[in-house]
Amino acid sequence: MSDWREQEVGNETSSREINEWIDESAATTDSGGTRPYVCECSDGACKATIDLTHVEYEEVRAHGTHFVIARDHESPDLDVMVSERTRFTIVRKLPGLPARLANASDPRRSTAGP
């Protein structure tokens, strides 16, 4: 990848794919409580986990440009804060390349159109 933003958004989308697997795997055993998800920040070395309910996770996944990160893991060059909670922060990719890359790699994106 030629642009550092592409690499960092790639780190985020890889984490999103892991979280999709976590959510799908836990769907059959959903107890209504929280479960650990990986931080979807742009730092490829980040090992932080975030406890979310299924409802909180679905709130983030409703938008292809939104990611859930550990508090204070924002990247001002890529993100704008949407919501800061006690256990996590929701960020949105900035317009332009970061948002286009996030939307293009959204596993929930409809193939029928944007």
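What follows is calculated from the coordinates using simple rules that are stated; it is not laboratory data. In this text, all values refer to a predicted model and were calculated from it rather than measured experimentally. Please note: Cβ atoms are built from the backbone with ideal geometry, for glycine as well, and neighbour counts cover all protein chains shown.
Within the stretch 49-114, the percentage of alpha carbon pairs spaced more than 19 angstrom apart rounds to 32%.
Computed from phi, the 3J(HN,Hα) profile of the stretch 47-54 under the Karplus parametrisation 6.51, -1.76, 1.60 (θ = phi - 60°) reads 10, 5, 10, 10, 8, 10, 7, 4 Hz, with x in place of Gly and Pro. Amide hydrogen proximity for V82: with H placed 1.01 Å from N in the peptide plane, the residues at 5 or more positions away or on another chain lying under 5 Å are I90, V91, R92. Under the simplified labelling scheme, the Q7-R100 pair shows an inter-label distance of 2.0 nm, with each label point 7 Å from Cα along Cα→Cβ. Each of R87 and A48 was given a label point 7 Å from its Cα along the Cα-to-Cβ line. The distance between the two points is 1.5 nm.
Extending 7 Å from Cα along the Cβ direction at S25 and again at H63 yields two label points whose distance is 2.8 nm.
With helices as the sole contributors, the chain gives -11000 deg cm²/dmol at 222 nm; each DSSP H run of n ≥ 4 counts as -39500 (n - 2.57), and the sum is divided by every residue. Please report, to two decimal places, log10 I(q)/I(0) for the stretch 4-104 at q = 0.11, 0.20, 0.24 Å⁻¹ as given by the Debye formula with identical point scatterers on the Cα atoms and no solvent. Per q value, in the given order, log10 I(q)/I(0) is -0.28, -0.94, -1.35.
The order of L78, L94, going from fewest to most other C-beta atoms within 10 Å of their C-beta, is L94, L78. Exposure proxy ranking for H73, H63, based on other Cβ atoms within 10 angstrom of each Cβ and starting from the fewest, stands as H63, H73.
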